[in-house]
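The values are calculated or read from the model by the stated rules, or taken from the named source; none is laboratory data. What you are looking at is a predicted structure, and each value in this text was computed from that prediction instead of being measured. Cβ placement follows ideal geometry from the backbone for every residue including glycine, while neighbour counts extend to all protein chains displayed.
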Amino acid sequence: MNKVTFDRKQLAVPYFIYLVLFVVMPLLVVLYYGFTDAEGHLSCRNFAEFFTNGKTMGTLVYSLVIAVVVTAICLLLAYPVAYILAKGSYARKHAFLMVFVLPMWINFTLRITALKEILTVLEGNLAYHPFMNTVICMVYDFLPFMIMPLFNALTKLDKSMIEAGHDLGATFPQVLLKVILPLSVPGIISGVTMVFLPAMTNYVVLDMVYNSTYIMGSLIGSYFNSYDWNNGSIISAILLMLIGFFTVFTDKVILGKEEERI
Amino acid sequence: MSETKTIIRLDGVRKSYDGKVNVIEELSLDINEGEFVTLLGPSGCGKTTILRMIGGFDRPTDGKILLDDNDISLLPPNERPVNTVFQKYALFPHLNVYDNIAFGLKLKKLEKDEIDRKVKEVLELVDLEGFEKRSVSTLSGGQQQRIAIARAVVNEPRVLLLDEPLSALDYKMRKEMQLELKNMHKRLGITFIFVTHDQEEALTMSDKIVVMADGKIQQVGTPEEIYNEPANVFVADFIGESNIFNGVMSGRRKASFAGAEFECVDDYEPGKKIEAVIRPEDVSVVGEKDGILTGEVTSADFKGTFYVTFVQCGQYEMEVHCLEHYRPGAVVGLTVLPDNIHIIPYDMTINNFLGFIDGFVDGKGLYLVFKDFAMFVDQHRIYPDSRVSKGRLLDENGEFIDYQGKEVIAFYQPEDGDMSDDAKEGDVVGRIVSFYYIGDHYSYTIRTDNEIDYVVDDEDLWNQDDKVSVILPKKKMKFRLKQEDMH
């Protein structure tokens, strides 16, 4: 009998097929639609349209504002939590971490439905504060994604670094500013990446809290709903490029510098 | 000797984590200004904890730490005139060499010119001129070590703490750094407190060595004192090589051990149990007929400047460092000068266990309860003249004996105890916390969860931390009522 030889590389085959069918192919389709017009001719009109149309640019700015505010609040809330969890002397810090990450197990629309009830009790009519409610719901939704990478980065931070800071005469705020923060930059970056871009496109949250202003996600959705594949695709493609730039930038410029030092 | 001033004083310091077992037990120590003091001991002996308490990273559970007679026990590290060189250097990877060294100076808000000058000076001190702009990750282990020292001394601390700073370096580098640290100490004139588990390093560098084990100070002294006059068997065994034998004083300045009688200079009353320590380099090999001991060479290994020779004298083994090579199988005589035999009185406090009497059953005896075990013991072993009448215990005058709750001390000889790796076989279970070789057997100290030590002699080699059970020699155990209850 012929022995069937098994190569470890073959383990990657199922995912590779999945990747080609559901990631690479759709991306190519998006690029195709993005750079063709309704008749199927190659065209850059959609691309130019995005940057000249006041409505799309306004949406981009609004999305950026939401994303910046949500990311900043997430960072401010998550950092102390992650620090206490990572550096505190609790016997079951991973169990505590679970408490913060646990909400991720429940679908986010369900969670936001629940949160809406609380906000209604507090505010009365949700429609009066669309921006604030959007931010509150998104922060609630994305917080675990910020805590996790920060927790990992701060756990790796050698305790003797903090002690060395104190030893050299620094108070806790000084150690935080001059030692802990700079050394947790990789964690901050991955946390920001995990929150910032999803916050730009998560239009379901806006719909749920009756925020009728468009963000990038709703814009794409509205084009697709009216069967305008070309304009919808070019916006998706542009967002994709933004993600690409952001990733390359953080990898090369900020993390690259870190690696050089470590 | 010139007038010395105490700079650091530990006064009855005790440390326990979460209210559990004491890491440091009631420890007092004076450190003089300008001294190079080494805390030496095996891992887990509490030496690093002491350093961390002086540095301010840990607080003593009890007791005080004084600097210049001021209590600093509760002062945070950033308010102490003390700097630390950490074991793994703890250099900041996000800062270059200059910024690492200037870290403390910038916090003190010094002028830029002054910082520049001080950084330059200290880089010269550690022989790394011109390294200001280098990233710390590009430095070798030895260079990082120097930067870590520079970063600490640039703040001109009163006391410099060094936590096993050389342990990560290779042998040659370590030797070099030992000398450099010693020179640096001379030039700077500040007090160094150095922690290490390497006895050779401690002997080379220190003005004063503090030998520690089990959270307790075993001995404080100059390197010569520690080496030549170890205070106990632990120190003798830990510092350098030594031959240790159990014996008794057989006369005035005469000790009998290893199957022979030796002249010695320590004077204890005849009959006293002792332990004799002989350094391998102090044993002379002579002709077969001329030695106090005669034995057969079992092995001889060349160590560069001498041969490590083992001589079997009857059941006792003696390690000898000699310049000549004796072939295994050769029969030789061994002598030791009286001056080179160090006599340590036998520690009579070991294997004494405090318990109490909790009842009497006719036919079985008195029921004794100790912290780790309980047992029935024939009443005559505690009350020799007692008799039993109608199930009750009477003394020689026919009075009832009030035995209930009386405190009893049990004792056994280490050589009568036994060990087993089967937990069920013995009476108490614990871990081996220390052991050393005594001529023809090993002496093991086994510690139970109740922090009680059992000393047992055994011929086989077991390992530190082995979980073993101790088989108590119930027939040979001795019992006595605690003194104060006798009256």
Counting only residues that are buried (at least 16 other Cβ atoms within 10 Å of the Cβ), give me the strands (runs of 3 or more DSSP E) lying completely in region B:346-431 with at least 1 of them. B:352-361, B:365-370, B:374-377, B:392-394, B:407-411, B:418-420
Every residue from region A:65-97 that is modelled with pLDDT of 85 or more and farther than 30 Å from residue A:130 by Cα: A:83, A:84, A:85, A:86, A:87
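How many of the residues making up region B:249-281 are hydrophobic (A, V, I, L, M, F, W, C) and loosely packed, with under 15 Cβ neighbours inside 10 Å?
Adding up the residues that qualify gives 1.
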In region A:99-156, which residue that is small (Gly, Ala, Ser) and at pLDDT 90 or above is nearest to residue A:180 (Cα to Cα)? A:153
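Run down B:409, B:357 and say which single residue is of a type in the set (A, V, I, L, M), closer than 30 Å to residue B:212 by Cβ and modelled with pLDDT of 85 or more. Can you show your working first?
Numbers: B:357 fails: closer than 30 Å to residue B:212 by Cβ.
Selected residue: B:409, the only one of B:409, B:357 that is of a type in the set (A, V, I, L, M), closer than 30 Å to residue B:212 by Cβ and modelled with pLDDT of 85 or more.
Taking the conditions exactly as written (more than 14 Å from chain A (Cβ to nearest Cβ) and at positive phi), does residue B:130 satisfy them or not?
Values: more than 14 Å from chain A (Cβ to nearest Cβ): yes; at positive phi: yes.
For residue B:130, the condition - more than 14 Å from chain A (Cβ to nearest Cβ) and at positive phi - is met.
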Could you list, in sequence order, all residues of region B:439-481 that are touching a residue at least 40 places away in the same chain (Cβ under 8 Å), part of a loop (DSSP other than H, G, I, E, B) and within 18 Å of residue B:275 (Cα to Cα)? B:439, B:440
Can you pull out the residues in region B:57-76 that are at positive phi and either crowded, with 17+ Cβ neighbours inside 10 Å or within 8 Å of another protein chain (Cβ to nearest Cβ) (or both)? B:63
Take residues that are within 14 Å of another protein chain (Cβ to nearest Cβ) and either farther than 30 Å from residue A:219 by Cα or among the hydroxyl-bearing types (Ser, Thr, Tyr) (or both) and tell me which of the helices (runs of 4 or more DSSP H) falling wholly in region A:98-204 contain 3 or more. A:159-167, A:172-175, A:185-201
Out of curiosity, is residue B:320 at pLDDT 90 or above, surrounded by 13 or more Cβ atoms within 10 Å (Cβ to Cβ) and touching a Ser or Thr at 6+ places or on another chain (Cβ under 6 Å)? yes
Based on what the data block shows, is residue B:18 within 14 Å of another protein chain (Cβ to nearest Cβ), surrounded by fewer than 16 Cβ atoms within 10 Å (Cβ to Cβ) and not β-branched (Val, Ile, Thr)? yes
Qualifying position, being of a type outside the set (Phe, Trp, Tyr) and assigned to a helix (DSSP H, G or I), among A:39, A:49: A:49
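Right, residue B:358: assigned by TED's automatic domain parsing to the domain that holds residue B:440 and either within 29 Å of residue B:251 (Cα to Cα) or of a type outside the set (A, V, I, L, M) (or both) or not?
Numbers: assigned by TED's automatic domain parsing to the domain that holds residue B:440: yes; either within 29 Å of residue B:251 (Cα to Cα) or of a type outside the set (A, V, I, L, M) (or both): yes.
When the stated conditions are applied, residue B:358 passes them.
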Filter region B:77-101 down to residues that are closer than 24 Å to residue B:59 by Cα and either of a type in the set (D, E, K, R) or within 7 Å of another protein chain (Cβ to nearest Cβ) (or both), then give me how many there are. 9
Among (1) under 25 Å from residue B:93 (Cα atoms); (2) surrounded by fewer than 14 Cβ atoms within 10 Å (Cβ to Cβ), which single condition is residue A:109 missing? (1)
Among the residues of region B:134-148, what is the count of those that are in contact (Cβ under 8 Å) with a residue 40 or more places away in the chain, under 32 Å from the mean Cα position of the chain (by Cα) and either more than 13 Å from chain A (Cβ to nearest Cβ) or over 16 Å from residue B:165 (Cα atoms) (or both)? 1
For region B:282-302, which positions are surrounded by 15 or more Cβ atoms within 10 Å (Cβ to Cβ) and outside any strand (DSSP E or B)? B:282, B:291, B:292
Can you tell me which residues in region B:102-127 are assigned to a loop (DSSP other than H, G, I, E, B) and either within 13 Å of chain A (Cβ to nearest Cβ) or surrounded by 19 or more Cβ atoms within 10 Å (Cβ to Cβ) (or both)? B:108, B:109, B:110, B:126
